[in-house]
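A.B. asks: My structure is below; once you've seen it, I'll send some questions.
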Amino acid sequence: AAVIAVAVSASMAQAQSINFGVGGGLTIPTGDFKTFFKTGWHGIANIGYAMPSGVGLRGDFYYGENKTKSGVTPSGKVKLAGGLGNVTYTFAGAGTIHPYVIGGAGIMNVKADAGSAGSSSESKFVWGAGGGVKFKAGTDASIFVEGRYMSVNTSGSKTNFLPFSAGVSFGI
């Protein structure tokens, strides 16, 4: 029994993995955020831990900017920076394409910068959920494409947006 337990533990340990990823893409404002701001850009960096069951944990570090729409006075931009702790579930598949779902929460700083008119900043609770697809790209690398809905509980009205990201992750 001890030999079987050690063999199962060793094979499970090999199936678990830590990975690092970087990417970026478009940030599409929704709701009240869309009234004043255009589609912007973002970058992400993450570290994750995947288990054989398909369940994983992932920490995301996010930075993005959206400029005001033309005609909005004062003109400026908003900067979004923060971190989220996520739970993922990757669906099993024998091929090189692996769909997944993701949901998480964290803290996001929203800084509105209107140039000479001044700026304001607040760090608030953020939550998000979405899905993506990983494409195997070698023995320890994957390319990912994902989309999410994210909501920051900013004062007045929520800052809601859809980040669509593409990037690469590497396992160790």
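A.B. asks: Relative to the present Cα-Cα distance, how much length would full extension add between residue 72 and residue 172 at 0.36 nm per residue of separation?
C.D. replies: Numbers: separation 100, 0.36 × 100 = 36.00 nm, distance 4.73 nm.
Going from the current span to full extension adds 31.3 nm.
A.B. asks: Where the centroid of each part is defined by its Cα atoms, how far is region 141-172 from region 23-60 in Å?
C.D. replies: 1
A.B. asks: Now a separate question. I'd like the Karplus ³J(HN,Hα) series for region 125-132: coefficients 6.51, -1.76, 1.60, θ = phi - 60°, whole numbers in Hz, and an x wherever there's a Gly or Pro.
C.D. replies: Once θ is set to phi - 60°, the couplings for region 125-132 become 5, 10, 9, x, 8, x, x, x Hz.
A.B. asks: Please compare each pair in 34/79; 38/111; 111/134; 69/134; 38/79 to a cut-off of 23 Å on the Cα-Cα distance and tell me which ones are over it. Each step should come with its number before you reach the end.
C.D. replies: Working: 34/79 14 Å; 38/111 15 Å; 111/134 32 Å; 69/134 34 Å; 38/79 12 Å.
Beyond 23 Å: 111/134; 69/134.
A.B. asks: What residue among 72, 22, 145 has the largest mean-square fluctuation in a Gaussian network model of the chain, using Cα springs under 10 Å?
C.D. replies: For the chain, modelled as a Gaussian network with Cα springs under 10 Å, the answer is 72.
A.B. asks: Over the chain, with every protein chain in place, what whole percent of the accessible area is carbon and sulfur at 1.4 Å, could you tell me?
C.D. replies: Details: 6040 of 9060 Å².
Of all accessible area on the chain, carbon and sulfur atoms account for 67 percent.
A.B. asks: Would you work out which of 59, 31, 41 lies farthest towards the positive end of the dipole of the chain? Charges go on Cβ: Lys and Arg +1, Asp and Glu -1.
C.D. replies: Going by the charge dipole, the pick is 31.
A.B. asks: Along the Cα-to-Cβ line of residue 89, 7 Å from the Cα, sits a label point; which residues in region 26-58 have backbone N less than 12 Å from it?
C.D. replies: 54-56
A.B. asks: Give me the angle, in degrees from 0 to 90, between the Cα long axis of helix 2-15 and the longest principal axis of the Cα atoms of the chain, rounded to the nearest 10.
C.D. replies: It is inclined by approximately 30 degrees.
A.B. asks: Before I look further, what does region 35-123 give for accessible area per residue, probe 1.4 Å, in whole square angstrom?
C.D. replies: On the way: 4590 Å² over 89 residues.
About 52 Å² of surface per residue is accessible.
A.B. asks: Can you work out the PRE-style zone for residue 17? Point 7 Å along Cα to Cβ, and I want the residues of region 143-157 with backbone N under 16 Å.
C.D. replies: Output list for this probe position: 143-145.
A.B. asks: Each label point is 7 Å from the Cα along the Cα-to-Cβ direction; what then is the distance between the points at residue 139 and residue 117, in nm?
C.D. replies: If labels sit at residue 139 and residue 117, their model points lie 5.6 nm apart.
The values are calculated or read from the model by the stated rules, or taken from the named source; none is laboratory data. Keep in mind it's a predicted model, so treat the numbers as computed, not measured. Here Cβ is always computed from backbone atoms with ideal geometry, including for glycine, and neighbour counts include all displayed protein chains. In case anyone asks, the SASA skips ligands and DNA or RNA and just uses the protein heavy atoms, side chains included. Shrake-Rupley method; radii C 1.70, N 1.55, O 1.52, S 1.80 Å.
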